[in-house]
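Reviewing the structure listed below.
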Ligand code: F6P
């Protein structure tokens, strides 16, 4: 395994010349407006947009001028970003607290991938193909019709996102993703046939409480349904093969995940198996190829033309120099609805740190809160705050030039049918014209929102409009301040050619590397997550309190009070 990174960073970020220059430069932004910058530079869009790996990034609506980027790139060079990128992609142990590599790029390196990676991929392809051609049978000899993936966090977010984006139809077998224990699993199982259902337990640690609860409930359901050899109805993806075998998963159905693959970076590993089953192994190979394209771009493009580097630096500029404490990612793209959730784990579990790699308390902010949802819903929920709130929120808009190639089964009516995962009622959809029109509506809303965030609507403009609408001068003056939009709110727009496996792979790798760029400059470890480990441990310690008859009295007064109150009210109900 490659060694530790070369010469670690030793200087405090806020004391570097570039940081000081950026602090001075930021003061010049108090009276700049993006609207004026666009008016004075007709080439601004061309100057600040970049194509790479099939994606177009328009970063012209950010609070930047050429000097801003020069200073940000100087900061990157002071932090030896290129050396750090090289260490990451070479598999050096950049996860310094756990002394591990973060070598997710090796998972998509094709023929150059490590032997164990290629071996695991071959095994995945074999199982996925057999399931898709119906030659995998349950204990009763019936072909598997439903695959249920049981995992949480990085063990579900990536594969569920890839399946939703690249396999929107209910194919065969149908693939379902369950993460939270309880109702959702029971509701799903009520509609499935135990004799034709396969469970994939996705857990790197094979110790995550929620996933084990689901796996135990699945096993009990199989047994209660009379399935004799429940082992043939399980597979597992884990770094703990012995624990999976002890649970009852046959050895030949256990797929490995290595300690140099972080959960939030694991889609490209066997954790992606449910997605491969849903989309097919050729499409999954395209997903890997798209990510590999972005790895090559990240490794080879000069920093000033490097898409992950530009996104990371501009994000840092907003977070550290404009105190923008959150950022939104808003896809206007059917199939990317799960992207904000995947990014929440990627960015907030990677960048939610307050100590440098040398163990020193940081003087500057690090990861902002990441949130978002599909744009169409967001416009009817939180865009008011984005346009007129007191706190500007930088936004990444994501959409595609073409509508997703809809692959619905032809219906008897000749249109395209939406079939429910469980073969429910079929509803004919419109033809290609309907799809293109709907997509044009998506694009126009996406571009309109980013334009308005940037240019705003001045009070004078608003007053003029109100007068033209027939309002009195007094009424127009009264309403104008309420209806004006301040503008000057930054956003990026990422345009995919079409949402397909290759463009999705490039998009997700782009955000993985954007995250690394920020961690490298902030000098934090993007690949551990000690904060969540404590939570898991304490939750495990609290669990026995709920079955004990004695009152809880060994925690803080609030926790003891809440435990005792909930037990009392649970007892009253029962
Ligand atoms: O949230 C903590 C975490 O360890 C994530 O990093 C991980 O993706 C998730 O829990 C699930 O962990 P496992 O795959 O070990 O079940």
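The values are calculated or read from the model by the stated rules, or taken from the named source; none is laboratory data. Everything numeric in this text was worked out from a predicted model, so none of it was measured. When we count neighbours, we look across all protein chains shown, and the Cβ atoms used for this are built from the backbone with ideal geometry, even at glycine.
Assorted remarks:
- Flag if residue 184 is loosely packed, with under 15 Cβ neighbours inside 10 Å, within 11 Å of the ligand (Cβ to nearest atom) and not in a strand (DSSP E or B): no
- Among the residues listed as 460, 476, 433, 440, the single one being part of a helix (DSSP H, G or I) and buried (at least 17 other Cβ atoms within 10 Å of the Cβ): 476
To keep it simple, each residue is scored yes or no on (1) within 16 Å of the ligand (Cβ to nearest atom); (2) assigned to a loop (DSSP other than H, G, I, E, B); (3) surrounded by 14 or more Cβ atoms within 10 Å (Cβ to Cβ); (4) at pLDDT below 95.
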residue	(1), (2), (3), (4)
504	no, no, yes, no
527	yes, yes, yes, no
531	yes, no, no, yes
535	yes, no, no, yes
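- The requirement of being touching a strand residue (DSSP E or B) at 6+ places or on another chain (Cβ under 8 Å), away from the ligand (no atom under 16 Å from the Cβ) and assigned to a helix (DSSP H, G or I) is satisfied by residue 294.
- Residues considered: 236, 243. Of these, the only one that is within 12 Å of the ligand (Cβ to nearest atom) and either buried (at least 19 other Cβ atoms within 10 Å of the Cβ) or in a loop (DSSP other than H, G, I, E, B) (or both) is 236.
- Count of the range 122-173 residues, restricted to those that are away from the ligand (no atom under 16 Å from the Cβ) and outside any helix (DSSP H, G or I), is 22.
- Count - residues of the range 190-209 that are outside any loop (DSSP other than H, G, I, E, B), within 11 Å of the ligand (Cβ to nearest atom) and either at pLDDT 95 or above or not assigned by TED's automatic domain parsing to the domain that holds residue 135 (or both): 2
Yes/no per residue for (1) within 16 Å of the ligand (Cβ to nearest atom); (2) under 26 Å from residue 528 (Cα atoms):
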{"site": "252", "(1), (2)": "no, no"}
{"site": "256", "(1), (2)": "yes, yes"}
{"site": "261", "(1), (2)": "yes, yes"}
{"site": "265", "(1), (2)": "yes, yes"}
{"site": "270", "(1), (2)": "yes, yes"}
{"site": "282", "(1), (2)": "no, no"}
{"site": "299", "(1), (2)": "no, yes"}
